[in-house]
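Data first, discussion second: the structure below is written as structure tokens.
The values are calculated or read from the model by the stated rules, or taken from the named source; none is laboratory data. No experiment lies behind these values; they were computed from the predicted model shown. Glycine also receives a Cβ, built like all others from the backbone with ideal geometry; neighbour counts cover every protein chain displayed.
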Amino acid sequence: METRELTTRAASLEELRAKGRLVTSLNGHTICLFAEGDEVFAVDNRCPHMGFPLHRGTVSDGILTCHWHHARFDLCTGGTFDQFADELRRFPVEVEGDDVYVDLTPRRDPVEHQRHRLQVGLERNIPLVVAKAAIVLAEADPTGVDALRAGLDFGVRRRAEGWNRGLTTLTCFMNLAPRVAPEERSAALYHGLSDVALEAAGDEPRFPLEPLPGDADPERLARWFRSFIEVRDAEGAERALVSAVRAGASPQQLADMLFAAATDHRYIEGGHTLDFVNKALEALDIAGWERAEAVLASMAAPLAFAERMEESNAWRHPVDLVALLEDAFERLPDPGPGGWEGRAELVETILTAEAAEILEALLAALRDGASAVELASAVTFAAAVRIARFPTTNEFGDWDTAMHTFTFANAVEQGLRRSPSRELLRGVLDAAMSVHLDRFLNVPATRLPSPDGEADVDDLFPLLDEQQRVDEAAQLVASYLGAGGDTDRLIAVLGACLLREDRNFHTIQCVEAAVRQHELLDGEEARLPLIAAARYLAAHAPTARSQRQTYEIARRLHRGEKLYEDDALPPAA
Ligand code: FES
């Protein structure tokens with residue numbers, strides 16, 4: 001092989017003309033040379049879509065068509081007409097006498113290229129393109145922050161209806177990513193980004209509002225924001241919110257604005273909206289608060305248009321929980337300094353007592369010195385018990401009811417840890433009422449599993465290949481932890497089990513919140529959220545796992561593996 005500076009001899013022109021196309025291996029590249037009329041072209045022989053050998057493709061009028069999924073490429077530039085594929089790598093060619101030389105100099109920055117491809121994948125909702133980009137971007141930036149920013153920027157400007165499932169899923173997976181095995185992190189990014197794309201597909205875009213011209217007082221804007229949300233004026237609320245960001249409101253002031261509006265009505269949108277607020281704030285913590293204006297603006301519509309439980313029969317009859325809550329809010333004491341010792345008794349009251357008694361117990365706990373976070377933590381724990389003791393005899397859809405309460409309670413607690421306020425404290429009482437409303441979902445309550453010998457945490461994988469191994473999964477977790485098993489390993493396995501399934505929004509929320517709660521608790525209590533997560537996951541597995549299949553294809557391509565064996569192919573056209 002003769003090499004001249006950056007060009008390499010690839011073939012004899014005469015032989016190429018005689019055969020029309022030739023495949024050759026040069027410096028680790030498999031290159032296909034085409035002789036078309038007087039011209040010679042050199043391209044990567046692997047189709048950029050899924051690796052089909054392009055020497056088996058068809059060339060017509062300068063367009064090379066791959067036979068597997070029929071992607072078309074301009075032979076001259078390598079550009080594709082089918083965005084599910086990618087640009088075909090072409091190599092500059094020089095001909096001297098009978099010698100065809102190919103320039104193998106790398107032409108593009110693969111990370112920058114995949115940033116661009118991620119945009120294509122997001123805009124056109126092409127999961128394989130997103131998966132390929134996620135793998136390269138996660139390799140370049142193992143924190144995933146670069147990819148999160150791209151998904152966040154796309155997601156918040158893309159949907160007129162604002163923040164919803166997709167961005168919440170992305171943020172949940174960003175929170176879980178450091179807790180799963182390094183090789184699973186790009187799968188977490190892929191799932192999160194793909195969900196943003198899937199949710200945005202076909203929706204109307206959002207056109208952001210400019211802040212008010214001139215100076216504005218953040219405190220007054222916060223008042224206006226709440227009053228606009230009150231009358232479901234999303235546009236007015238968005239302008240007040242972005243003006244507050246531009247006026248220099250601190251992250252804590254902005255969190256207070258949003259949480260106050262999210263708790264001015266009871267348990268809005270079945271708890272989802274407050275969880276979305278919390279997730280938007282967590283996303284900013286990771287991506288950077290310089291994105292606050294665009295990201296938080298996407299919360300105005302979800303807050304304004306959320307269903308309010310004042311309008312719900314279950315919260316009004318036979319006991320008017322809204323009236324009881326409003327009375328309790330009037331009498332809400334200032335939270336104590338913490339160090340309160342009535343947690344176990346309060347949890348039992350929340351799980352078993354009538355509504356009025358629960359509210360009195362919550363107020364009494366505050367008077368006895370419970371801090372806002374301590375109170376919230378007790379309610380969240382009670383909500384986790386509902387899932388851990390959820391009998392499989394219930395109607396299947398009721399898993400979601402218990403899960404909604406748990407993730408709402410967790411979001412309220414995370415919010416209070418971020419920025420305690422009397423307004424958000426109302427959310428703790430709302431969460432307790434929702435735990436109370438779910439009480440018949442624990443009748444009969446499933447027995448909490450006791451440790452029973454050694455358990456191998458990897459047995460969760462085959463267990464969750466079968467449907468409804470709910471109690472067996474809980475038993476495995478209890479035994480593993482009881483025998484001193486490593487909780488980090490258990491969380492990584494739960495994460496891997498989650499990442500191999502097709503995305504179920506509620507399962508993702510549940511596992512993420514359970515991991516958060518586990519990390520905040522001590523001793524025996526800390527096991528319960530993980531048991532709850534394993535049960536919820538087992539109830540919703542296995543799925544078809546088609547989304548993971550797409551990711552695995554991207555991973556194999558990235559490793560350079562063949563997806564199709566040449567021998568199995570039909571003859572060249
Ligand atoms: S179009 Fe070429 S492999 Fe799919």
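Kindly evaluate Ala297 against the criterion of being buried (at least 17 other Cβ atoms within 10 Å of the Cβ), free of Cβ contacts under 8 Å to residues at least 24 places away in the same chain and not charged (D, E, K, R). So Ala297 fails the test. Counting only strands (runs of 3 or more DSSP E) that sit completely within the range 29-141, zero hold 2 or more residues that are out of contact with any strand residue (DSSP E or B) (no Cβ under 9 Å at 6 or more places or on another chain) and at pLDDT below 95. The residues of the range 234-277 that are closer than 18 Å to Glu311 by Cβ and assigned to a loop (DSSP other than H, G, I, E, B), listed by number, are Thr263, Asp264, His265, Arg266, Tyr267. Does Cys47 count as of a type outside the set (S, T, N, Q) and within 14 Å of the ligand (Cβ to nearest atom)? Yes: the conditions hold for Cys47.
The helices (runs of 4 or more DSSP H) falling completely within the range 464-573 that include 3 or more residues that are touching a Leu at 6+ places or on another chain (Cβ under 7 Å), within 29 Å of Asn278 (Cα to Cα) and among the aliphatic types (A, V, I, L, M) map to 487-500, 505-520, 527-539.
When the test is whether a residue is in contact (Cβ under 8 Å) with a residue 24 or more places away in the chain, surrounded by fewer than 23 Cβ atoms within 10 Å (Cβ to Cβ) and under 18 Å from Gly20 (Cβ atoms), Thr80 does not pass it. Being more than 16 Å from the ligand (Cβ to nearest atom), crowded, with 20+ Cβ neighbours inside 10 Å and of a type outside the set (Val, Ile, Thr): is that true of Ala18 here? No, not satisfied. Restricting attention to the range 75-86, the residues that are away from the ligand (no atom under 12 Å from the Cβ) and within 16 Å of Ala554 (Cα to Cα) total 0. Does Phe396 satisfy being outside the structural domain of Pro529 (by TED's automatic domain parsing), surrounded by fewer than 21 Cβ atoms within 10 Å (Cβ to Cβ), touching a residue at least 12 places away in the same chain (Cβ under 8 Å) and in a helix (DSSP H, G or I)? Answer is no for this residue. Against the list (1) under 17 Å from the mean Cα position of the chain (by Cα); (2) within 15 Å of the ligand (Cβ to nearest atom); (3) among the aliphatic types (A, V, I, L, M), the condition Val130 fails is (2).
Quick one: in the range 54-74, which of the residues that are over 39 Å from the mean Cα position of the chain (by Cα) and among the small types (Gly, Ala, Ser) is farthest from the ligand (Cβ to nearest atom)? Residue satisfying both the conditions and the ranking: Gly62.
From the list Glu238, Glu199, Glu204, the lone residue that is in contact with a Gly (Cβ under 7 Å, 6 or more places away or on another chain), charged (D, E, K, R) and either within 27 Å of Phe173 (Cα to Cα) or surrounded by 14 or more Cβ atoms within 10 Å (Cβ to Cβ) (or both) is Glu199.
Entry remark, the range 328-352: residues being surrounded by fewer than 16 Cβ atoms within 10 Å (Cβ to Cβ) and without any contact (Cβ under 8 Å) to a residue 24 or more places away in the chain number 5 in total. Please indicate, with yes or no, whether at least one residue in the range 547-565 is surrounded by fewer than 23 Cβ atoms within 10 Å (Cβ to Cβ), within 30 Å of Phe381 (Cα to Cα), out of contact with any helix residue (DSSP H, G or I) (no Cβ under 8 Å at 6 or more places or on another chain) and among the polar types (S, T, N, Q). No: zero hits.
Restricting the first member to the range 502-525 and to residues that are free of Cβ contacts under 8 Å to residues at least 24 places away in the same chain, and the second to residues that are outside any helix (DSSP H, G or I), no beta-carbon pair is closer than 8 Å while six or more apart or on different chains. Which condition does Phe34 not pass, out of (1) more than 22 Å from His116 (Cα to Cα); (2) away from the ligand (no atom under 12 Å from the Cβ); (3) without any contact (Cβ under 8 Å) to a residue 12 or more places away in the chain, if it passes all the others? It is condition (3) that Phe34 fails.
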